[in-house]
Every structure is written in structure tokens, then in C-alpha cells.
Amino acid sequence: QVQLQESGPGLVKPSQTLSLTCTVSGDYITGGYYYWSWIRQPPGKGLDWIGYISYSGSTYYNPSLDSRVTVSVDGSKNQFSLKLTSVTAADTAVYYCVRETYDYKSGSYSKYFDPWGQGTLVTVSS
Amino acid sequence: QSVLTQPPSVSAAPGQKVTISCSGSSSNIGNNYVSWYQQLPGTAPKLLIYDNSMRPSGIPDRFSGSKSGTSATLDITGLQTGDEADYFCGAWESSLSTVIFGGGTKLTVL
């Protein structure tokens, strides 16, 4: 079955760059059809969609984070990565990598996320 | 930004049925598909329902979803103690061009 696993530092200093990598097994990132996304969840709070990279390498980010986010892919390692610049305490969260299914049908958008990685807590603190 | 509104908590006894609501607007639920996720304590969310009412393989038919106008509903029948979790709804928000989620509903099985 498809599995995703996040990796990266658990502690980042304010104003620095948060960098995480997601390793995918059981599917090929560049194989087609799916998008590969990042979603975060601040402690005790709800879910916040960050953005995706598609199988073709195109990207789309949450407009509220667009100026600070970059998602990239390394097809040779079947990994995709997240970089978030100029972090503050508000960026402290559990970060999940997920496979996103997208469709546009009958004039409506369908987007859902499955499966999810186990998540990794990133704390922004000096 | 939780543009989708969910009750903070619901509760019911084992074996009973519970309904979790997700209220939005024409720019999200009203014109796009809804998904639902279950987050057991200390774990990652898991997809329960997609495209308003479709269940992925492996999800029991005790879980069902529906949509009417600008609201969606998740029904769970035959409640089990293992269903205690946070439940989130999600949809595309056309005015913001982003995916949004509800604030989550904590289900307690008494």
C-alpha cells in the first residue's frame, strides 16, 4: 500500500527556514494523476492546507502562505519537499505530507487527501 | 481560517447514532465536493468520506456522508468506543482558491 513518511528538524529558530522531506513508497510521485501536498496542524487546532506539487512538477500554494512556501520534487528518490521561509511561532505545528486527489466535474471541485504521513512536529523557538 | 463551521463536540452512547454537521456557503460546500476525516488521538487524520458521500475501501458502512445546499453531514451509526476521535470536514473554497477545513468536532462515546 502507499505510505508517506516525513523527515526533518523538529526545532527551527525564528526567521529561519523550515525544511521537510516526504518519502513516498508504494506509488510514484511522477507517475501521474495525483498531487502531493503538505498540510499542517497547530497543536490543539484544526488543519491548514499548505500546497501541492503535481506529478508534472507544477505547484500551487495556499495564497496566505504563497510568498514563503516552496514545494519541490526529487523523482529519483521518490521524495517531495517543503520549504517555509521566515518562520515565526505561528508556524509551530505538526506537518503532514499527503497524497491529494483532484478532480473537476459537473462544475465542482473535488479534492481529498489519502493517505497521510504520520506527521512530524516542528517547533519554532529560539 | 475555519470557514467551515462544525460543532466543537458531540456525544452519544455505544450503539447509538450521532450526526456531525459542517456548515459553509455557496463558495465552498454549496458548489464543491466535501470530504471527511477521522483523527484518532495522537494519530494522523484518515479519509472517511470523499465526494460528499463516497466511502474509500475499508471504511465501514457505519460511516455515511451527505450534502444539502451549503451544509454537509457525517452520520455514524452503531457507535463504538473506538470511534472516539476528532472529525474534520474539508472542501475547496472558490473565493480564496484554497482548500479549507472545519475546526473539528470531538466525538465522545459515553
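We did not get these values from a lab; they are worked out from the coordinates using the rules stated. Computed from a prediction, not measured in an experiment: that's the story for all the values here. Quick reminder, even Gly has a Cβ in these numbers, built from the backbone with ideal geometry, and neighbours come from all protein chains shown.
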In Hz, Karplus ³J(HN,Hα) per residue of region B:104-110 (6.51, -1.76, 1.60; θ = phi - 60°; x = Gly, Pro):
x, 10, 8, 9, 10, 9, 5
Region B:11-110 - Rg over Rh from alpha carbon coordinates, Kirkwood radius:
0.97
Quick check: pseudo-label points 7 Å beyond the Cα along Cα→Cβ at B:GLU84 and A:SER106, how many nm apart are they?
3.9
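Within region B:24-110, which trypsin sites (Lys or Arg not before Pro) sit in a loop by DSSP and count at most 14 neighbouring Cβ atoms inside 10 Å? Could the numbers behind the result be given before it?
Values: sites: B:LYS46, B:ARG62, B:LYS67, B:LYS106; in loops: B:ARG62.
Answer by residue number: B:ARG62.
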Charge dipole of the protein assembly as shown built from unit charges on the beta carbon (Lys, Arg +1; Asp, Glu -1), centred at mean Cα; most positive-end Cα among A:ALA89, B:LEU40, B:PRO7 is A:ALA89
Stokes-Einstein D (µm²/s) once Rh is taken as the Kirkwood radius of the protein assembly as shown over alpha-carbon pairs, at 4 °C in 1.567 mPa s:
72
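For A:SER76 and B:VAL10, FRET efficiency with R0 = 35 Å and r from the beta-carbon atoms, rounded to 0.05? Mind showing how you got there, number by number?
Details: r = 47 Å, r/R0 = 1.34.
The calculated FRET efficiency here is 0.15.
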Gaussian network model of chain B, Cα within-10 Å springs - most flexible of B:LEU96, B:LEU47, B:LEU79:
B:LEU96
Note, A:LYS105: beta-carbon cut-off 14 Å, +1 each Lys/Arg, -1 each Asp/Glu, net -1
For region A:47-126, what is the charge dipole size about the Cα centre, in debye to the nearest 20, if Lys and Arg each add +1 at the Cβ and Asp and Glu each add -1 at the Cβ?
100
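Considering every pair of different Cα atoms, what Kirkwood radius, in Å, is found for region B:41-92?
With all distinct Cα pairs of region B:41-92 included, I get 12.1 Å.
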Along the Cα-to-C-beta direction of A:SER7, a point sits 7 Å from the Cα; which residues of region A:97-119 have their amide N less than 16 Å from that point?
A:97, A:117-119
Per DSSP, loop trypsin sites (Lys or Arg not before Pro) in region A:38-109 with at most 13 further Cβ within 10 Å:
A:LYS45, A:LYS77
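Share of Cα-Cα pairs in region A:15-100 beyond 17 Å, in percent? Spell out each step's value before the answer.
Numbers: 1606 of 3655 pairs.
Value for region A:15-100 (Cα pairs over 17 Å): 44 percent.
What is chain A's relative contact order, in percent, from Cα pairs under 8 angstrom and six or more apart in sequence? Mind dumping the intermediate values first?
Working: 306 pairs, mean separation 42.3, N = 126.
Dividing the mean separation by the residue count of chain A yields 34 percent.
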